[in-house]
Structures are given as structure tokens and as C-alpha cells.
1. Report every pair of residues separated by at least 6 positions or lying on different chains whose Cβ atoms are under 6 Å apart, first residue within region 220-233 and farther than 18 Å from residue 105 by Cβ, second not in a helix (DSSP H, G or I).
2. Tell me which strands (runs of 3 or more DSSP E) are completely within region 40-151 and hold 2 or more residues being surrounded by fewer than 22 Cβ atoms within 10 Å (Cβ to Cβ), or say none if there are none.
3. Give the residue that is nearest to residue 95 (Cα to Cα), with candidates limited to residues of region 22-39 that are part of a loop (DSSP other than H, G, I, E, B) and out of contact with any helix residue (DSSP H, G or I) (no Cβ under 6 Å at 6 or more places or on another chain).
4. Would you mind finding the one in 174, 157 that is free of Cβ contacts under 8 Å to residues at least 40 places away in the same chain, under 24 Å from residue 91 (Cα atoms) and more than 20 Å from the chain's Cα centre (by Cα)?
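No lab work stands behind these numbers, since they all come straight from the coordinates. Bear in mind the structure is a predicted one, so any value in this text is a computation, not a measurement. Reconstructed Cβ throughout: ideal geometry from the backbone, glycine too, with neighbour counts over all protein chains shown.
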């Protein structure tokens, strides 16, 4: 009888959906601060969402900080189970999966939404009109591998790519770049905490782009454990609408 009970328990465990069991997931994120979503010290808003979803579903996470292009390449090679925070570009689907609704990701399953903005020197006449650039003669700086680069090139801009936003702002401040294209909240954060930047660097009035950002899963994870992936996205949606998340976000940006 004891043997029968043991076999029955084992059979029950084996037929459980993978999402109902504790899993250990390796999740990659960029090795740079990305205020307020990913922080070098403390828990950024996106990390809070992902950690809380994993805890609620009974999973354990291992975070790996690597350059952004490696985040994408390594989930494409199934070295990581997921990476964040990724805006949707069709070519990124070769690396991993988004929470799709038809031929586009479901924005309800996003981690967050944010804009890109153009930053120039205070005496510069360079501007973004919403349809194109004005008085642009030199390069625009952007973070290597970021999706805004294609948008800049499609609008006839020459792009200088670097791994550090701080470096790009130093080059802009020294007159070595005509402008910098950056995620708005992170750029504003750097300008606010760097003496003199608030007077010497200005933000164009019209955003360059507005994007949603997601947790991506590897194709291997999505194909092998679809229930886990689906449940994770559902839990992210639920938590992002919760009072706990709103309080955490408010404490970060106040």
C-alpha cells in the first residue's frame, strides 16, 4: 500500500504542468543602471515586477548582468532563459519570444512604457520636429544595440554608438556630438545628478519615440514550458496593476 501511494504521488508530480512546479530560471539584464527600471543598488521597478511574479509562482531566479547585445544573443543561443527589458522589434523574435497578441506583443503584459528623447547643447539649433531632424550636421550618440538606432538611421542621421550614456553626455558636453538619443527617464536622471548638465544640456520638446518594454523568454523555454511562460506574463500583468507595485515605483521616482 505504501508503495502504491508513493507511485501515485510520483505520477501526480510528473503530470503537473511545469508552471506548477518550482523552477530555477536564469534571467539576463543589462550591466548598466537603467533608472528607474533596473538599478545597480536596490530593486528597480522592472526587477521588482519579475522577482515578485517569480516568487508568487514559486520559481527561483538567477540574475546575470551582461552587455545588452549579449542579453539578446545569449537567449537566442538558449544560454539564458530570459532577458529584460526589451522593446519589440520584429528581428528580435529570432532571439526569443514576446507575449504576443496577433502579430504584435500584448501591451497589457509589458513591464513598462517609456519614451526616447533627443538631448542637445544649450546653444544648439539641432531639433527633432516629430517628422525629421533640423540643423543636424554631426553625429547623434546612442547606446550600442538599442532599438532607437534604426529610427535615427531611417531619418538620415549618422549614429555614434557607445556602451555608456555617461560617456555620450560627456562627448555632447564637449561638442564632439551634435546630440544624444536616450531613454528619457535615465537621461533626465543623469542630467539631474551631474553638476552643470542642467544648464548646458537641453531636451527636445517632442519625443523621438514611445515604446513598450517586455521580459523576453528564450525559444527553448517557450517551446518546452509554454505554461510557465504564459503564467509568468499573466502574473506580470496582475502585479503591474497592484497597489504594491505602484507604491514601489512611487518610492523610486519621488
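1. 220/78; 227/17
2. On the way: elements: 60-66, 82-87, 112-121, 140-143.
In region 40-151, 60-66, 112-121 are the strands (runs of 3 or more DSSP E) which contain 2 or more residues that are surrounded by fewer than 22 Cβ atoms within 10 Å (Cβ to Cβ).
3. Here is the first cut: in region 22-39, the residues part of a loop (DSSP other than H, G, I, E, B) are 22-23, 31-33, 35-37, 39.
From what is left, the residues that are out of contact with any helix residue (DSSP H, G or I) (no Cβ under 6 Å at 6 or more places or on another chain) are 22-23, 31-33, 39.
On the way: 22: 25, 23: 22, 31: 19, 32: 21, 33: 23, 39: 24 Å.
Here the residue is 31.
4. 157
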